[in-house]
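Take a look at the structure set out below.
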Amino acid sequence: MNGEPRPIARWRDVDKEIFHREIVPRGEPAVLEGLVRDWPSVQAAAASAEAACAYLAGLDTGVEGDAVLVPAGLNGRMFYKPDLSDFNFARRKLTVSQVLQHLARYSHFDSPPSVALQCAHVEQCLPAFEAANAMPLMDESVHPRLWLGNAFLTPAHIDELDNLACVVGGRRRFTLFPPEQVSNLYIGPLDFTPAGAPVSMVSLKAPDFERFPRFREALAAAQVADLEPGDALFIPAVWWHHVESFDVVNILINYWWQQSSWIQADRVSPTKSLLHALLSMRHLPAAHRKGWSEIFSHFVFGAEPADHLPPQRQGILDKLPPDRVDALLSAMAPRTATD
């Protein structure tokens, strides 16, 4: 493949049954062409950037969200400072209308700063949006998030949950890497991240192959898609995704959901479990780490580690009732000096 990403598979006329029966179980990214082309927000964006902004401004409640500002000259790349002493951006609390004002002002700059409202709860900042722009593939319990900004670049990172990203306005390029490419992506600090998730240290637009030689292998396994307004992208959980938006106004709505939700991710997070495992095992002797690797492989990632036990004695290897989950989590909670 000569290190070139291949196109992400494209689907048309996808309904809820096809999505959850044929696309999601494959565990592969998929472009859903024109999925939300009939949304009023997409229709407004098709008319003009000004119309898209007016549509959002008309729904704004004035609730602030988390925004990021990247100085001019950095091509909108949300990242670290060169020595990793800090980040190259500032955080602000802004409303949708305030972000739109920034976008209007920056549209007149030859080399503007970048601004992005990230992961804003639509039900809080644009509560009327959801009913007017319904998502037929999701259950009512899954609510959308808003991403709004100008030209911006988010390095490759992962999410714990499955993700359906819908482009409302502007153009976006998604470059995805399967989970097994983690060792070829040269991941940055796990406990000092730009936005909560660890990111690749390699610049996709200008990769330094002398410093990061294995990144060629990651590129050979990558998949890429350019999305237009109305298109959507299914990003399976734990796939690394690099996202670039190009226009003076870019609007994206996304939906995160959990396929197996008997324990909510905010209660028992795989990311927190990883950090806990690193603290408790990473610095053990090599022979101990190898032993724990085998144990994790069997009990956590094995197919049926409790088949030889009667159902009433499978315990934590099965789906526990809420009271047992609470008891286990309480027992595992760190003890303080006063305990």
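Of the trypsin sites (Lys or Arg not before Pro) found in region 1-104, those that fall in a DSSP loop while having at most 13 other beta-carbon atoms within 10 Å are Arg12. At a Förster distance of 22 Å, what's the computed FRET efficiency of Leu74 paired with Ser273, Cβ-Cβ distance as r, to 0.05? Taking R0 as 22 Å, the efficiency between Leu74 and Ser273 is 0.05. Helix 270-281 against the longest principal axis of the chain: what's the angle in degrees, Cα atoms only, rounded to the nearest 10? It works out to around 50 degrees.
Extension gain, Arg92-Gln124: 0.36 nm per intervening residue step, less the Cα-Cα distance, totals 9.8 nm.
Over all other residues within a Cβ to Cβ distance under 12 Å of Ala131, the charged ones net out to -3, with Lys and Arg as +1 and Asp and Glu as -1. With the charge dipole of the chain set up from +1 on Lys and Arg Cβ and -1 on Asp and Glu Cβ about the Cα centre, the Cα lying farthest toward the positive end among the listed residues Ala46, Gly169, Val115 is that of Val115.
Normalised by the number of residues in the chain, the mean separation of alpha-carbon contacts (under 8 Å, six or more apart) gives a relative contact order of 22 percent.
Quote to one decimal, in nm, the extra length available between Glu17 and Ala327 on full extension: 0.36 nm per residue of separation minus the C-alpha distance between them. So the chain would gain 107.9 nm between Glu17 and Ala327. In this structure, Ile316 and Arg282 have a Cβ-Cβ separation that, at R0 = 25 Å, corresponds to a calculated FRET efficiency of about 0.60. Rounded to two decimals, the Cα radius of gyration of region 224-311 over 2.2 N^0.38 Å is 1.62. Do the sum for the chain: with -39,500 (n - 2.57) for every DSSP H run of n ≥ 4, divided by all residues, what is the mean residue ellipticity at 222 nm, to the nearest 500 deg cm²/dmol? Estimated from H runs of four or more residues: -7000 deg cm²/dmol. Measuring between alpha carbons in the structure, the pairs from Lys93/Lys272; Lys290/Lys319; Lys93/Lys319; Lys16/Lys93; Lys81/Lys290 lying more than 32 angstrom apart are Lys93/Lys319; Lys16/Lys93; Lys81/Lys290. Measuring gaps between exposed loop sites in the chain (GluC sites (Glu not before Pro); DSSP loop; at most 14 other Cβ atoms within 10 Å), the longest gap, sites not included, is 1-139.
Put one equal scatterer on each alpha carbon of region 177-268, apply the Debye formula with no solvent term, and list log10 I(q)/I(0) at q = 0.16, 0.23 1/Å to two decimals. Each listed q maps to, in turn, -0.88, -1.34.
The shape of region 145-303 can be summarised by an equivalent ellipsoid whose semi-axes, obtained from the alpha carbon gyration tensor, come to 30, 20, 14 Å from longest to shortest. For region 270-332, dividing the convex hull volume of the Cα atoms by the residue count gives 110 Å³ per residue.
About its Cα centre, region 6-257 has a charge dipole of approximately 620 debye under the convention of +1 per Lys or Arg Cβ and -1 per Asp or Glu Cβ, with nothing else charged.
For Val182 and Ala221, the difference between the fully extended length at 0.36 nm per residue and the C-alpha to C-alpha distance is 12.9 nm. When the Cα positions of Ala30, His283, Gly315 are compared along the charge dipole of the chain, His283 comes out farthest toward the positive end, with charges on each C-beta of Lys, Arg, Asp and Glu.
With the Cα gyration tensor of region 1-148 giving a ≥ b ≥ c as the square roots of its eigenvalues, does the rule (a/c under 1.5 for rounded; else a/b larger than b/c for prolate; else oblate) give rounded, prolate or oblate?
Values: a/c = 1.84, a/b = 1.24, b/c = 1.48.
Verdict is oblate for region 1-148.
None of the figures in this text is laboratory data; all of them are computed from the coordinates on show. What you are looking at is a predicted structure, and each value in this text was computed from that prediction instead of being measured. Note that we place each Cβ from the backbone using ideal geometry, even for glycine, and neighbour counts take in every protein chain shown.
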